[in-house]
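The block underneath contains the structure these notes are about, expressed in structure tokens.
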Amino acid sequence: MTTVLKRLATICTASALLSAPAAAGEIWISNEKDDTLSVIDTETLEVTRTIEVGERPRGITFSKDHKVLYICASDSDTVQVMDPGTGEILHELPSGEDPEQFVLHPDNRHLYIANEDDAITTVVDTETRQVVAQIDVGIEPEGMAVSPDGTIAITTSETTNMAHWIDTETQTLFANTLVDSRPRHAEFVKDGTELWVSSEIGGTITVFDVETQTEKAKIGFDVANMHPDRVQPVGFEFTAGDTHAFVALGPSNHVAVVNAETYEVEDYILVGRRVWHMDFNADRSRVFTTNGVSGDVTVIDVASRKPVKTIKVGRFPWGAAFRPTE
Amino acid sequence: MWRHAIKAGAAVLCLTVALPLRAETRADIAHLIVAQPAPPVLSNLDPDPADLGAAGAALGVEDTTTTGRFLGHSYSLDTRRVAVGDDAVAAAREVLAETRLLLIAAPAETLTAIADLPEAQGALLFNVGAPDMALRGEDCRANLLHTLPSLAMRSDALVQFLVRKRWDKVVMIAGSHPRDRAFAAALERSLTKFGLTLAARKDWVFDADMRRNAAQEVPLFTQDFGDHDVLLIADETEDFGRYVLYNTWLPRPVAGSEGLRPVAWAPVVEQWGAAQLQGRFEDHAGRKMQSEDYAAWAAVRAIGEGVTRTGTADPDSLRAHMLSDAFDLGGFKGRPLTFRAWNGQLRQPIPLVHPRALAAIAPLEGFLHQRTELDTLGLDAPESGCAGFAR
């Protein structure tokens, strides 16, 4: 165990050092209706590879050392583990039925998986490839997050409209907090002191104080010439230092830039149709959004907050994950 | 298990709470299903399922109970059936003595009679079966909400599609059942509303069996329509419409009760997370979800949303919450669903479907409204004629 940890620590340090020059990298995109992944070079902004995977790939995430990629193959009812270098599937993990989204625990070992059809969160040990726990949550679990210290996992449930707080020690719920309709995505920020949860139909992001699990702020959106019904916050990610959040607003076809200190929306950026999730490149100077309906990825320059390129990928791009390549 | 219980007719289903309780709130919901005489139809291909509507309500309770167990809220469903010829109003009186939250699938005149009962005052009723415009207009009631779309919402949705496609030469065949007549009238109203005119209308008068004669009769019947872009069918009892497709004199699309249909729900709705609801329903009921199931599901979910947000099952508090800006319901149609404050109709997008796919969803792009585009469908505040809804 200790040797494993030591090895991990070495790898992490090594990769952190390597990625410091902040150059080459790839954004991996899951194409939900094509059963493929598109790999985009973050420098050339071209698709360099298209890789076939299991049915209906949605959530994707790399191990902390970027040595393997985990893929929720929702309709294959499995999590596939891929060698991102070769694109080969190494093995599959038991995932429970219809895995949609997941998050990797900071221990780099346990995956917390939302089983959308089953109202369950499944915890899988990626080393033993065994299910460690299954936790009953609300209907249509979707958004997943783990606190940076690893003590709390979050599942949001779309029809129950809650964030479920899981004690990762006991794998049991210790709080259930209501949010607005159809919560989609959750992230811990500011060293785990805040939890942000987006509500697609409610049209808001709820900010929780993690210590008390109470609502601290609610962020609304107002896109010019767009009825509020169409402004549907889904995925979001934070810039370096958690100063700003980029929030995908679904069928309004815009990404909002939210000041994470004041909770004010500073900008709206036009992207492709039904923008869904996103990830940043190595130095977080660019963000790549998946646009489900238009089947493309918009590249946004973070400093100028302007879209710089649209890249065609597969049908219904869903998830996005970055990996450094040198 | 659920289905057996419902078929038994009057089983009270109560799901217990497994997690730490807060303030215990209990919402007892009843679903009154009044059987209506089914007119004879030419084909027996698609009989109505025995649990039509009931299965939707049961799934709604299941969905809502999952939320409730995290909050200490519990829900029960009591499904009561009234046979053809039995006294539906008396049955309603009995149910209202036990619960104040009632879903009703019944003809319009039965609905208003129930809503006017002394026992129904202070109760909250949901129309989950009658599409009549008058119920959203001059016959509206303050204690009656509607989760099934009105005929006007459906016909407006279809005519928006015709306008978008520039199919402006429109003809129609209407059946003779009162439901056919009502839908035909709604279609004509919508054509006028969106600036189209009906070039010709013919009434379906055949009494021969069209399974043998359609190929011979329908071309002749449609020959004298003259040129047109689209043929509308008003055949809400699904009697003759299915035999018109591909048998018309001119090769033209068919829409209305057949062909491209404006509906509350259909098995082909799959976007906006709808695949999840479809999957849950099919697991639960062993068949596909239909419009009446959706209306009953939405009514229970609206109650659940109200109880979840207000922490009470008191009908007046729930009604006030449902009509307020704080209410919205995730209905798997891509937009939040809300209730119209002037007549209690649930605002909702209307899918335009054929048996294999969703062709479009109304409101269509370009149909604007100062409040919400959803209000381009159905009776708007100034025209509804509903005076008795506001309290």
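Of note:
- Residue ID - farthest from the other protein chains (Cβ to nearest Cβ), chosen from residues in the stretch A:142-162 that are touching a strand residue (DSSP E or B) at 6+ places or on another chain (Cβ under 6 Å) and charged (D, E, K, R): A:142
- Residues that are surrounded by 24 or more Cβ atoms within 10 Å (Cβ to Cβ) and either out of contact with any Cys (no Cβ under 8 Å at 6 or more places or on another chain) or at pLDDT below 95 (or both) number at least 1 in the following helices (runs of 4 or more DSSP H) confined to the stretch B:276-384: B:291-310, B:315-322.
- Beta carbons closer than 9 Å, at least 6 apart along the sequence or on distinct chains, pair a first residue in the stretch A:163-188 that is under 16 Å from residue A:232 (Cβ atoms) and within 11 Å of chain B (Cβ to nearest Cβ) with a second that is of a type in the set (A, V, I, L, M, F, W, C) and in a loop (DSSP other than H, G, I, E, B) for A:180/A:201; A:181/A:201; A:182/A:201; A:184/A:234.
- Residue B:88 passes every criterion in (1) away from chain A (no Cβ under 14 Å); (2) under 19 Å from residue B:312 (Cα atoms) apart from (2).
- Within the span defined as the stretch A:232-246, every residue fails to be buried (at least 21 other Cβ atoms within 10 Å of the Cβ) and in contact with a helix residue (DSSP H, G or I) (Cβ under 9 Å, 6 or more places away or on another chain).
- Checklist (1) among the acidic types (Asp, Glu); (2) modelled with pLDDT under 95; (3) touching a helix residue (DSSP H, G or I) at 6+ places or on another chain (Cβ under 8 Å) applied to residue B:51, failing item: (2)
- The sole residue among B:42, B:71 that is within 14 Å of chain A (Cβ to nearest Cβ) and either over 22 Å from residue B:285 (Cβ atoms) or in a helix (DSSP H, G or I) (or both) is B:71.
- Residue within the stretch A:75-92 that is of a type in the set (Asp, Glu) and under 15 Å from residue A:117 (Cβ atoms) present: yes
- Residue match in the stretch A:118-137 (condition: more than 14 Å from chain B (Cβ to nearest Cβ), in contact (Cβ under 8 Å) with a residue 40 or more places away in the chain and not in a loop (DSSP other than H, G, I, E, B)): yes
- Index of the failed condition, residue B:119 passing every other in (1) more than 23 Å from residue B:322 (Cβ to Cβ); (2) modelled with pLDDT of 95 or more: (1)
- Checking each residue of the stretch A:297-308 against the condition of being of a type in the set (A, V, I, L, M), in a loop (DSSP other than H, G, I, E, B) and within 14 Å of chain B (Cβ to nearest Cβ) gives no match.
- Unmet criterion (only one of (1) under 27 Å from residue A:283 (Cβ atoms); (2) in contact with a Leu (Cβ under 8 Å, 6 or more places away or on another chain)) for residue A:124: (1)
- Cβ-Cβ under 7 Å pairs, at least 6 apart or on other chains, the stretch A:202-214 side within 18 Å of residue A:260 (Cβ to Cβ), far side assigned to a loop (DSSP other than H, G, I, E, B) and among the aliphatic types (A, V, I, L, M): A:206/A:179
- Residue match in the stretch B:251-264 (condition: buried (at least 21 other Cβ atoms within 10 Å of the Cβ) and within 25 Å of residue A:161 (Cα to Cα)): yes
- One residue stands out in the stretch B:231-280 among those that are on the phi < 0 side of the Ramachandran plot and without any contact (Cβ under 8 Å) to a residue 12 or more places away in the chain: the one that is nearest to the other protein chains (Cβ to nearest Cβ), namely B:279.
- Residue A:260 vs. criteria surrounded by 17 or more Cβ atoms within 10 Å (Cβ to Cβ), in contact with a helix residue (DSSP H, G or I) (Cβ under 7 Å, 6 or more places away or on another chain) and either farther than 26 Å from residue B:347 by Cβ or without any contact (Cβ under 8 Å) to a residue 12 or more places away in the chain (or both): yes
- Number of residues in the stretch A:89-142 that are of a type outside the set (Val, Ile, Thr), farther than 15 Å from residue A:54 by Cβ and more than 20 Å from the chain's Cα centre (by Cα): the value is 7.
- Qualifying residue in the stretch B:120-131 (condition: of a type in the set (A, V, I, L, M, F, W, C), touching a His at 6+ places or on another chain (Cβ under 8 Å) and not in a loop (DSSP other than H, G, I, E, B)): yes
For every residue, the table says whether it meets (1) within 10 Å of another protein chain (Cβ to nearest Cβ); (2) hydrophobic (A, V, I, L, M, F, W, C); (3) within 30 Å of residue B:166 (Cβ to Cβ).
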{"residue": "B:321", "(1), (2), (3)": "no, no, no"}
{"residue": "B:325", "(1), (2), (3)": "no, no, no"}
{"residue": "B:329", "(1), (2), (3)": "yes, yes, no"}
{"residue": "B:336", "(1), (2), (3)": "yes, no, no"}
{"residue": "B:342", "(1), (2), (3)": "no, yes, no"}
{"residue": "B:347", "(1), (2), (3)": "yes, no, yes"}
{"residue": "B:359", "(1), (2), (3)": "no, yes, yes"}
{"residue": "B:367", "(1), (2), (3)": "no, yes, yes"}
{"residue": "B:372", "(1), (2), (3)": "yes, no, yes"}
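- Residue ID - nearest to the other protein chains (Cβ to nearest Cβ), chosen from residues in the stretch A:205-218 that are surrounded by 22 or more Cβ atoms within 10 Å (Cβ to Cβ) and closer than 22 Å to residue B:327 by Cβ: A:206
- Condition check for residue A:197 on (1) touching a His at 6+ places or on another chain (Cβ under 8 Å); (2) within 14 Å of another protein chain (Cβ to nearest Cβ): one failure, at (2).
- When the stretch A:219-251 is filtered for residues that are within 14 Å of chain B (Cβ to nearest Cβ), over 16 Å from the mean Cα position of the chain (by Cα) and of a type in the set (A, V, I, L, M, F, W, C), the ones remaining, listed by number, are A:221, A:226, A:231.
- Residues (among the small types (Gly, Ala, Ser) and away from chain A (no Cβ under 14 Å)) located in the stretch B:285-305: B:285, B:286, B:291, B:295, B:296, B:299
- Criterion (without any contact (Cβ under 8 Å) to a residue 12 or more places away in the chain, charged (D, E, K, R) and surrounded by fewer than 21 Cβ atoms within 10 Å (Cβ to Cβ)) met by exactly one of B:227, B:207: B:207
- Of all residues in the stretch A:279-326 being within 17 Å of residue A:235 (Cα to Cα) and of a type in the set (D, E, K, R), the one that is nearest to the chain's Cα centre (by Cα): A:279
- Residue check for residue A:77: within 14 Å of chain B (Cβ to nearest Cβ) and on the phi > 0 side of the Ramachandran plot: yes
The values are calculated or read from the model by the stated rules, or taken from the named source; none is laboratory data. Worth saying up front: this structure is predicted, and the values here are computed from it rather than measured. Note that we place each Cβ from the backbone using ideal geometry, even for glycine, and neighbour counts take in every protein chain shown.
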